[in-house]
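Working notes, structure below.
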Amino acid sequence: MTRIYLVRHGQTDWNVERRWQGHADIPLNAVGLAQAEQVAHRLAGERLQAIYSSDLQRARQTAEALSRRTGLPVHLDARLREIHQGEWQGLLVTEIEARYGEAFQRRRMDPYNVTPPGGETVEQVRQRVVQAFEDILARHPTERVVVVSHGFALAVAQVHYQGLPIQQAWEMIPDNDEWRVLEL
């Protein structure tokens, strides 16, 4: 059995402002850097064998804090990125509603199938995230591995491996610097 620690990156200014981040490469803020150190402190004693991270800097910075404590390298994987929000990245909900009213309402009614302009579907996220996890599981059978990623991406992995409907992913998004354990 492989034990995977699912870690959401620390806080960013855009998290505080409630801007949609998606693939935008936003760094951690001061609180997020402190959260990354706290997570690293808590997980450093878990006898970890590997650290994987989204290549976006907010996740990478969180993973690097753990790397400094454990001496393990961080393996970057773009498949662990957050859902791509297309033209809505960097915007507040009020801005999205004002600029993309009809499209935003369609997305609210059917978030599984409707994407922001230039964004990606939930199924596309599920496919790439699950493939990344399958590759990690194949490389690390019976080991302890940390995956640092993003709220929705981690929730998608969690519902997939727990056999839950994909629609529950929105209810399972972890907070910044929260971590959960999957045993697979």
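The values are calculated or read from the model by the stated rules, or taken from the named source; none is laboratory data. Remember, it's a predicted structure, so these values are computed and weren't measured experimentally. FYI the Cβ positions are ideal-geometry reconstructions off the backbone, even for glycines, and counts take in every protein chain you see.
So the values come out like this:
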item	result
Every residue from segment 94-127 that is surrounded by fewer than 17 Cβ atoms within 10 Å (Cβ to Cβ), of a type in the set (D, E, K, R) and either modelled with pLDDT of 95 or more or assigned to a helix (DSSP H, G or I) (or both)	E95, E97, R99, E102, R106, R108, E123
Candidate set from segment 46-87 (those that are of a type in the set (S, T, N, Q) and outside any helix (DSSP H, G or I)); member that is surrounded by the fewest Cβ atoms within 10 Å (Cβ to Cβ)	Q49
Near pairs, Cβ below 6 angstrom, 6+ apart or cross-chain, from segment 112-131 (over 21 Å from Y100 (Cβ atoms)) to any residue that is not acidic (D, E)	R126/V156; R128/R79; V129/A153; V129/V156; V129/A157; V130/H160
Residue in segment 19-28 that is touching a Leu at 6+ places or on another chain (Cβ under 8 Å), outside any strand (DSSP E or B), at pLDDT 95 or above and surrounded by fewer than 16 Cβ atoms within 10 Å (Cβ to Cβ) present	yes
Lone unmet requirement of (1) closer than 24 Å to H41 by Cβ; (2) of a type outside the set (S, T, Y); (3) surrounded by 18 or more Cβ atoms within 10 Å (Cβ to Cβ) for V181	(3)
Enumeration of residues in segment 153-167 that are modelled with pLDDT of 95 or more, part of a helix (DSSP H, G or I) and surrounded by fewer than 21 Cβ atoms within 10 Å (Cβ to Cβ)	Q158, V159, H160, Y161
Count of segment 100-140 residues which are within 20 Å of the chain's Cα centre (by Cα) and basic (K, R)	2
Search result, residues across segment 1-40 that are among the acidic types (D, E) and on the phi > 0 side of the Ramachandran plot	none
Contacts under 8 angstrom Cβ, first residue in segment 135-156 being touching a residue at least 40 places away in the same chain (Cβ under 8 Å) and over 13 Å from L184 (Cβ atoms), partner part of a helix (DSSP H, G or I) and of a type in the set (F, W, Y), 6 or more apart	F152/W170
